[in-house]
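For reference, the structure is listed below as structure tokens.
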Amino acid sequence: MALFLIQKREAHRAPVQGSGSFCASKSHPPPLLLNPQSLGRSMLAHPNGVVRPSAKEPLFSFGVIADVQYADIPDGRSFLGVPRYYRHSIAVLRRAVQRWNGEKSVRFCINFGDIVDGFCPKDRSLAAVQAVVREFDGFRGGPAYHMLGNHCLYNLPRSELVSVLRMPSSASAGRAYYDFSPWPGYRFVVLDAYDFSAVGWPRDHPVSLAARRFLEKRNPNHDKNSPAGLAGTDRRFVMFNGGVGGAQLRWLDGVLRRAAGRGEKAVVCSHLPVHPGAASPTGLMWNYGEVMDVVRRHGGCVVACLAGHDHKGGYAVDDRGVHHRTLEAALECPPGTDAFGHVEVYPDRLRLVGSDRMATTEMLLTSSNELASA
């Protein structure tokens, strides 16, 4: 499987697990460096990927956006000093919806969590969520699917979010994970990355108490949102992350088993990334390894894992040929810039067509025969 990545100044390579750099491997040869000025209209060059021309129309497409984190407050900065544009982010979403409405193949859209920001005044949290939902209501191509992020849970109880975000009926009693099939042969699985978490549950709730004990054993800092002193992927053990609980893992196993039995290709969606090569260590799901164990258990059924949360974005292909794409955040777009996209689904690849700050990425699908011979 060959993957070619193009950038105006330098070529990047598919990242390997545990590194922030890009490196070539036997299955991922060095990238082909081209002059972006020579690319035709059918090729889009971006830092993390390239779209190659194709004569075929996609089977279907879906819109993607992550980390809108809207709030009607002045602009601010992250704890790392990165500017955040709280009021402008809803304008980014509005332009995303307009773009998706102009793409005839876009049948649904997915919001990858953090619909409002934690700094949103709590007496305005519900109004802010409803304002963003109204923007999604402007999408005419089909349903909008949502998932929970940590900032969502800083604002509203999970049971209220499940209702306001109109999660499918299977997401009952506060359950915020579900699956759906938008096209014959394809299955989308939406995870609740804060099912096991110290946020989003009452402080005295059994899940919250168990999650705090979990963090106490792994993070010695008084401030559990701080990764100070933690090394490598252990930096994920902070309070603003979370994990997938045992019941949800069993549910995921069943969904993928049935999908594999039907010969479906599955795309797993989560607010938190599940591969160290596609995100910074502080942005990873607590038990990403357990989730990936379930994914690997079902052969080549899962073709991609898409996520948000780590605002700079990222991309990796794991040793089973699963593509991991973390989406760039709408929140960090200065006025006049955007970060959203749509994914075109072909029988042999997924093609993320990004806008502006969201990198365009082509993800070639590995056949089960290739996996068997690897």
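Count charges around Ala193 for me, please; just the other residues with Cβ under 14 Å from its Cβ, Lys/Arg as +1, Asp/Glu as -1.
On the way: positive: Arg158, Arg175, Arg236; negative: Asp67, Asp114, Asp192, Asp195, Glu290, Asp310.
Once all neighbours under 14 Å are counted, the net charge is -3.
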Of Lys122/Lys217; Lys56/Lys265; Lys122/Lys224, those spanning more than 28 Å from alpha-carbon to alpha-carbon: Lys122/Lys217
Cα-centre dipole for the stretch 72-126 with unit charges at Cβ (Lys and Arg positive, Asp and Glu negative), debye to 20: 220 debye
Report, in cubic angstrom per residue, the convex hull volume of the C-alpha atoms of the stretch 80-206. 135 Å³
All other residues with a Cβ under 15 Å from the Cβ of Gly138 taken together, and with Lys, Arg as +1 and Asp, Glu as -1, what is their net charge? +3
Bridge type composition, the stretch 238-374 - antiparallel percent by DSSP, nearest 5: 65 percent
Given R₀ = 35 Å, FRET efficiency for Ser226-Glu57 by Cβ-Cβ distance, to 0.05? 0.10
Gyration tensor (Cα only) of the stretch 199-292 to equivalent ellipsoid, semi-axes in Å sorted down, yields 28, 17, 9
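Over 15 Å apart: what share of the alpha carbon pairs of the stretch 84-148 falls there, rounded to a whole percent? Walk me through the numbers on the way to the answer.
Numbers: 1084 of 2080 pairs.
Here the tail beyond 15 Å accounts for 52 percent of pairs.
Bear in mind that the values in this text are calculations on the coordinates, not laboratory data. All values derive from a computational prediction rather than experimental measurement. We place every Cβ from the backbone using ideal geometry, glycine too, and count neighbours over all the protein chains shown.
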